[in-house]
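Participant: Just dropping this structure here.
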Amino acid sequence: MGAVTTVFGAAIPKVIESYHWSYTDAGIVFAASSAGFFLSSLVSGFLLERLGTKIVLATALTGEIVSLLFFARTPDVALNVFLNFIIGLGTGTNELITNFTVVTIEE
């Protein structure tokens, strides 16, 4: 999550200028990934128990990759909020699976 947030954070002035967004628009887009991260951190643990790590991780990575491919390609705020939310879901799931794997390595 840190890499995605750092890159977008550093690009905010240029994004605001290029896309003619307000700071509010940029803040909403920026906050969407945090909301996705929080939600996936909560839900991913339950999904791991039901579906297993491979399916959950593959799904999260696929969503994250597709969203990163299309994020910031258009000035549409709503689309970028949605894509950044999906990126947050992916990063939150990745974080949880990494921690889960470390904890269960030595059972």
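Participant: Could you grab me the full set of residues in region 16-58 that are touching a residue at least 40 places away in the same chain (Cβ under 8 Å), more than 16 Å from Gly88 (Cβ to Cβ) and surrounded by 13 or more Cβ atoms within 10 Å (Cβ to Cβ)?
Facilitator: Those that are touching a residue at least 40 places away in the same chain (Cβ under 8 Å), more than 16 Å from Gly88 (Cβ to Cβ) and surrounded by 13 or more Cβ atoms within 10 Å (Cβ to Cβ): Tyr19, Trp21, Asp25, Gly45, Leu48, Thr53.
Participant: A follow-up question, please. Which numbered condition trips up Thr5, out of (1) closer than 14 Å to Glu95 by Cβ; (2) at pLDDT 95 or above?
Facilitator: Among (1) closer than 14 Å to Glu95 by Cβ; (2) at pLDDT 95 or above, Thr5 violates only (2).
Participant: Next up: Filter region 59-104 down to residues that are farther than 20 Å from Leu42 by Cβ, modelled with pLDDT of 90 or more and open to solvent by less than 60 Å² (accessible area, probe 1.4 Å), then give me how many there are.
Facilitator: Count: 4.
The values are calculated or read from the model by the stated rules, or taken from the named source; none is laboratory data. On a predicted model such as this, the values are computed, not experimentally measured, just so you know. Neighbour counts run over all protein chains shown; Cβ positions are idealised from the backbone, glycine included. Accessible surface areas use protein heavy atoms only, side chains included; no ligands, DNA or RNA. Shrake-Rupley method; radii C 1.70, N 1.55, O 1.52, S 1.80 Å.
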